[in-house]
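Okay, structure first, notes after.
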Amino acid sequence: MQAHDFFLVLFLILIVARILGEVFARLGIPSVLGELFAGVLLGSSVLGIIEPNEILKILAEIGIILLLFEVGIETDFTRLKNAGTKSLVVAVLGVILPLSFGLLISYYLFGLAFDISLFIGGTLTATSIGITLRVLRDIHMENTNIAQIVIGAAVIDDIIGIILLVFIYDFSISHEANFKHTISVAGMVLMFLVLAPILAKTLSFLIHKFHGRHLVPGYIPTIIISLILLFAYLSHLVGAPAILGSFAAGVALSRRFFLPFGAFLSTNELLLDEVRKNMTPIIQIFTPIFFVMVGLSMDLKVIDFTSPSFWMMALTFVSIAFITKFIGAFFIIQSCARNNALIGISMIPRGEVGLIFAEMGRVNGILPNEIYAMLIFVIIATTVIPPFLLKKYFKAECV
């Protein structure tokens, strides 16, 4: 792509996302859905003006990292740690239940091959932290106890999902369980995650120490954007990029660093105000690119809406996708069932993580076109419906 062509593409993404986000917000619809629809409109589903490419994928990854960083600086890190056990339960059950039901129903009810059934189950385990966090921010509920549980659970879910994808991919290609490789990748991921909070604490301290001593403007955004680029590179080193692809490499790793990093920065109110002032405009530019990219990746043309078998499978797996995440939230103790229900709804969106699973299966010839189309429909349904439910019912927590 020539530079002038890319400038036009970026112009269309930013301006259409802004217009549709504003229109949706004025209609009482979550603005993030306007940005998703901008991607669907500009992509192959409707106008076919823009195709996903590596540059857009990188900008989208920066967008989701910045969104999580913004959540980090608004997060009460003590409350997030206190929610750890509940987050772990929600995340683990949010992987086990969709994987088990997706696999068993695909294999026994629809008679699909085991490797295809395994990929379907793996796709259903995904949770998109970006969709939920954006909605929680829009309705000013990102600092509630429920939000802390959801943030922790989505982080853990992302990590488990990427490790699971490595295992499923290896099994589907070789038809053998390559536990050695999976354990190796898991070990590198866990090592990174242990080191990330330590590095976050150290770097936050250094930023505090040298804050106010710089003579050249732009200290805060330069440091933070530089760290984003550094950790995206480090995540590439430990994230098995040859298997997961360039887009998936940073999903579970580089952006995971920025939650504790943002939280540690929030200990200094004066610095925090300056970080907000400097970073908010940059965040507001990059995060819509991520959601437009999710929309661009959803090709509605591959779906045969006239096929009865498509509708039977699609509705079955949409139900499984909703119910299994929803049920998982009821295994933790909350002050009232409504809180459990809101946690369950928050974990439903599949978004970009589900698309990574499905695309990996399609590109490597594991998923037939009709199964791939069905999964795209499931991902769209689970991405679009929960924001409406969250905005309608997430007015306040039960006490």
- [ ] May I ask for the distance between the Cα centers of the range 363-396 and the range 1-70, given as a whole number of Å?
- [x] 18
Open item on the list: For the range 306-390, take every pair of Cα atoms, bin their distances at 5 Å starting from 0, and report each bin as a whole percent.
Closed with: 3, 15, 22, 20, 17, 11, 7, 4, 1, 0
Task: Rg over Rh [alpha-carbon atoms, Kirkwood Rh] for the range 290-350 - done: 1.13
Open item on the list: So, taking all protein chains as they sit and a 1.4 Å probe, how much accessible area belongs to L206, in Å² rounded to tens?
Closed with: 70
Task: Long pairs among K277/K301; K57/K209; K209/K277; K57/K301; K301/K325; K86/K392, criterion Cα-Cα beyond 31 Å - done: K277/K301; K57/K209
Open item on the list: Looking at the calculated P(r) for the range 1-46, what percent of the C-alpha pair distances fall above 16 Å?
Closed with: 41
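Around A126, under 9 Å between beta carbons, what's the net of Lys plus Arg minus Asp minus Glu among the other residues?
It works out to a net charge of -2.
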Task: Value of Rg to Rh for the range 1-159 (Rh from inverse mean 1/r over Cα pairs, i.e. Kirkwood) - done: 1.04
- [ ] Give the distance, in whole Å, between the Cα centre of the range 139-183 and the Cα centre of the range 279-353.
- [x] 15
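The values are calculated or read from the model by the stated rules, or taken from the named source; none is laboratory data. No experiment lies behind these values; they were computed from the predicted model shown. A quick note on method: Cβ atoms are made from the backbone with ideal geometry, for glycine too, and the neighbour counts reach across all protein chains shown. The area values use the complete protein model at the heavy-atom level, side chains included, leaving out ligands, DNA and RNA. Shrake-Rupley method; radii C 1.70, N 1.55, O 1.52, S 1.80 Å.
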